[in-house]
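The values are calculated or read from the model by the stated rules, or taken from the named source; none is laboratory data. In this text the structure is predicted, and so the values were computed from the model without any measurement. Positions of Cβ are generated from backbone atoms using ideal geometry, with glycine treated the same way; all protein chains shown enter the neighbour counts.
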Amino acid sequence: MDQANILIIGGGVIGCSIARAVSQKYQDVFLLEQNPRVGMATSTRNSGVIHSGIYYPPEFLKARFCVEGNRLTKEFCAAHGVPHRNCGKIVVAKDPSEIAELEKLAENGRRNGVEGLKIVGPERIRELEPHIRVTAALEVPSTAIVSAEELVKAFARLASDQGASILTNARVTKLEGKADSIAVGVELGDPADGGGMTQETVEALRGEFRRIVRG
């Protein structure tokens, strides 16, 4: 029976980023993902926006973490070759009655620590997006986009390089608390093929995973 000090269930962006972080300190780290590849579910089924943090109430931890995460995500992408673009965004006011709401949103963002926010008029809006006609807009330069799939793969690759064992087609079926541990039931293999793997197959899968995330 395999034993691990740290077992992570789920190979999305959260699971893979945790694996990357903890494998910097611990060697017996395992990550289990039920799909054939990491990042096949929610983590790569979205718009890939690196949000600025303008909407959350300043007293919420989410506000602070969003602004900090915006910076850290861009730094990580730049350091590890993950495709991303600092495209910025605009939040528009269709008529003058909505400008006051833009100003409130800008003030909220500034209280959260979002930098570079400003209300702009039609001339600047045409520069940024020539296909719309609106009265004013809030320019948010820190908003960015990222290749979500490549971000997940980068976290997984670094975790694997640091010694973490990442197994795909690995479904957790049971968690049972013990006196000093947790017993985890795991089914390995593609259900379409009948499931089940030999130890040799598991080792081969680990090697194939390392090849994929480097590709």
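How about the range 26-67: which of its residues are touching a Lys or Arg at 6+ places or on another chain (Cβ under 8 Å) and hydroxyl-bearing (Ser, Thr, Tyr)?
Ser52, Tyr56
Among the residues of the range 35-59 satisfying the criterion of being more than 15 Å from Val152 (Cα to Cα) and surrounded by 13 or more Cβ atoms within 10 Å (Cβ to Cβ), which is nearest to the chain's Cα centre (by Cα)?
If we take residues in the range 35-59 being more than 15 Å from Val152 (Cα to Cα) and surrounded by 13 or more Cβ atoms within 10 Å (Cβ to Cβ), then His51 is nearest to the chain's Cα centre (by Cα).
Please give the number of the condition Glu101 fails out of (1) in contact with a strand residue (DSSP E or B) (Cβ under 9 Å, 6 or more places away or on another chain); (2) free of Cβ contacts under 8 Å to residues at least 24 places away in the same chain; (3) under 30 Å from Leu175 (Cα atoms).
That leaves (3) as the condition not met.
Collect the residues in the range 94-135 that are polar (S, T, N, Q) and not in a helix (DSSP H, G or I), keeping them in residue-number order.
Within the range 94-135, just Thr135 meets the criteria.
Tell me whether the range 29-36 contains one or more residues that are without any contact (Cβ under 8 Å) to a residue 24 or more places away in the chain, part of a loop (DSSP other than H, G, I, E, B) and not assigned by TED's automatic domain parsing to the domain that holds Thr135.
No; the residues of the range 29-36 include none that is without any contact (Cβ under 8 Å) to a residue 24 or more places away in the chain, part of a loop (DSSP other than H, G, I, E, B) and not assigned by TED's automatic domain parsing to the domain that holds Thr135.
Can you confirm whether Arg20 is surrounded by 14 or more Cβ atoms within 10 Å (Cβ to Cβ) and assigned to a loop (DSSP other than H, G, I, E, B)?
The answer is no for Arg20.
Would you check if Val82 is within 27 Å of Thr44 (Cα to Cα), modelled with pLDDT of 95 or more, part of a loop (DSSP other than H, G, I, E, B) and not charged (D, E, K, R)?
Spelling it out, Val82 is indeed within 27 Å of Thr44 (Cα to Cα), modelled with pLDDT of 95 or more, part of a loop (DSSP other than H, G, I, E, B) and not charged (D, E, K, R).
Just give me the residues in the range 54-71 being among the hydrophobic types (A, V, I, L, M, F, W, C) and either under 14 Å from Val114 (Cα atoms) or touching a Pro at 6+ places or on another chain (Cβ under 8 Å) (or both), in sequence order.
Ile54, Ala63, Phe65, Cys66, Val67
Considering only residues that are free of Cβ contacts under 8 Å to residues at least 60 places away in the same chain and of a type in the set (Val, Ile, Thr), look in the range 104-126 and name the one that is nearest to Ala63 (Cα to Cα).
Ile119
State yes or no: is Phe155 surrounded by 15 or more Cβ atoms within 10 Å (Cβ to Cβ), modelled with pLDDT of 95 or more and not in a strand (DSSP E or B)?
yes
Among the residues of the range 25-66, how many are over 23 Å from Ile182 (Cβ atoms) and out of contact with any strand residue (DSSP E or B) (no Cβ under 8 Å at 6 or more places or on another chain)?
Residues that pass the stated criteria total 24.
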